[in-house]
Amino acid sequence: MYTVDYSKPQEPRAVQAEDDARLAAFDARVAADDFIEPKDWMPEAYRKTLIRQISQHAHSEVVGMLPEGNWLTRAPSLRRKAILLAKIQDEGGHGLYLYSAAETLGVCREELVEALHAGRAKYSTIFNYPTINWADIGAIGWLVDGAAIMNQVALQRTSYGPYARAMVRICKEESFHQRQGYEAMLVLANGTAAQKRMAQDALNRWWWPSLMMFGPPDDNSPNSAQSIRWRIKRETNDELRQRFIDATVPQAEALGLSIPDPALKWNQATQHYEFGPLDWEEFYAVVRGEGAVAKERLQARVDAWENNAWVREAALAHAQKQATKQAA
Amino acid sequence: MKNITPIWEVFVRAKNGLSHRHVGSVHAADASSAVEAARDVYTRRMEGVSLWVVPSNAITASDPGDAAALFAPAEDKIYRHPTFYTVPDNVKHI
């Protein structure tokens, strides 16, 4: 899974106050494709941008477990149940790798989680849509993870070392996520008429939100230019979105399903698909927390955190007691 | 025995972008001496750009006797690998 940066751009003042020579050296290193590591000097705005982006990414992994968890007990076979459980388990691990990468920048996981629960931190808009039939699980693996992989492959070369290494590990593990989703769609698309309708219905609902996962268009993406300069982002939202569409349309054709975009057509000259306008009003509404199940998602996270607090407290109390015993 | 010099495990980052990797250990009285010793022992030929030293007794290792219980359960979860899934040959980029 993945996230884009929805926040307002940083004030440039903080950067100006910093040592110009160190800043120049930093910019040169980044421009030369060197990796920045935790103990290296870095501009404060670079650190803040990374904390925001990596924590949003981590939150997305964790919240992303919820729509799939909805189908865990109702997966149509033991095979599908085991696969879905393994995938959800991976997403939890991905959240952990990302929180760890953020912690190398001097924040602690508790404060990041608190920012999510208080509604100050964002996560990917895609998870504020409901999973209403089994085909949605196939569509999520195929489209949502497909879009995430498109973005994460590029992030393996992001300039911050711990983030890049987390991405390498995540990409390696995610390679099965998209394939299991596509395979589930293939079974439905070749099944009964009702199953095929389910698959088409899922594609109809997940297509546009998946395209929005790449974030706003480049001319309306306030943080993109600086993030590209710092090589936090390696490719723009529109470049990645186009690549995803070009890769995915033939996959839909192979399923015998149709993309819900009447304007979609192959352009022989550019060797890319042209596509219809995205409903950015809907996107910004979901960013603001007006998604169909936004409140439910956040509440599920807060409940999990609060209802399990006693487990964390008991574990710490036990460890303290053992340490005291040993010291005595 | 008294006055034994503690052991430190040494990790070297070969270059930025790679993680620190365990290379061996040194004996040293304190952390900063351990870094110096590690520098002298393990990076004489430009093997790295960064060092970590960790007190050996701070590492908790899994018991080799538990290896089967810990790691064998992953063996039959072949569905965690992309090759488990059949995707038609004409479908690309997946």
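The values are calculated or read from the model by the stated rules, or taken from the named source; none is laboratory data. This is a predicted model, so every value here is computed, not measured. We place every Cβ from the backbone using ideal geometry, glycine too, and count neighbours over all the protein chains shown.
Is there a residue in segment A:69-77 that is under 28 Å from A:T248 (Cβ atoms), in contact (Cβ under 8 Å) with a residue 60 or more places away in the chain and part of a helix (DSSP H, G or I)? Yes, because at least one residue in segment A:69-77 is under 28 Å from A:T248 (Cβ atoms), in contact (Cβ under 8 Å) with a residue 60 or more places away in the chain and part of a helix (DSSP H, G or I). As a summary of the residue check, A:A14 satisfies the conditions (1) in a loop (DSSP other than H, G, I, E, B); (2) at pLDDT below 95 except for the one numbered (1).
Residues checked against (1) surrounded by 11 or more Cβ atoms within 10 Å (Cβ to Cβ); (2) part of a loop (DSSP other than H, G, I, E, B); (3) modelled with pLDDT of 95 or more; (4) among the polar types (S, T, N, Q):
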{"residue": "B:A34", "(1), (2), (3), (4)": "yes, no, yes, no"}
{"residue": "B:M46", "(1), (2), (3), (4)": "no, yes, no, no"}
{"residue": "B:W52", "(1), (2), (3), (4)": "yes, no, yes, no"}
{"residue": "B:S62", "(1), (2), (3), (4)": "no, yes, yes, yes"}
{"residue": "B:P73", "(1), (2), (3), (4)": "no, no, no, no"}
{"residue": "B:T83", "(1), (2), (3), (4)": "no, no, no, yes"}
{"residue": "B:N90", "(1), (2), (3), (4)": "no, yes, no, yes"}
{"residue": "B:H93", "(1), (2), (3), (4)": "yes, yes, no, no"}
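Scan segment A:160-190 for residues that are more than 10 Å from chain B (Cβ to nearest Cβ) and under 14 Å from A:I88 (Cα atoms) and the total you get is 1.
For segment B:1-32, the tally of residues that are over 13 Å from A:E37 (Cβ atoms), out of contact with any His (no Cβ under 9 Å at 6 or more places or on another chain) and modelled with pLDDT of 95 or more stands at 12. Here B:V26 fulfils each of the conditions (1) surrounded by fewer than 16 Cβ atoms within 10 Å (Cβ to Cβ); (2) away from every other protein chain (no Cβ under 12 Å); (3) more than 30 Å from A:Q178 (Cα to Cα) apart from (1). Contact map, segment A:304-328: first residue in a helix (DSSP H, G or I), second residue among the β-branched types (V, I, T), Cβ cut-off under 9 Å, separation 6 or more or different chains; pairs are A:W305/A:V113.
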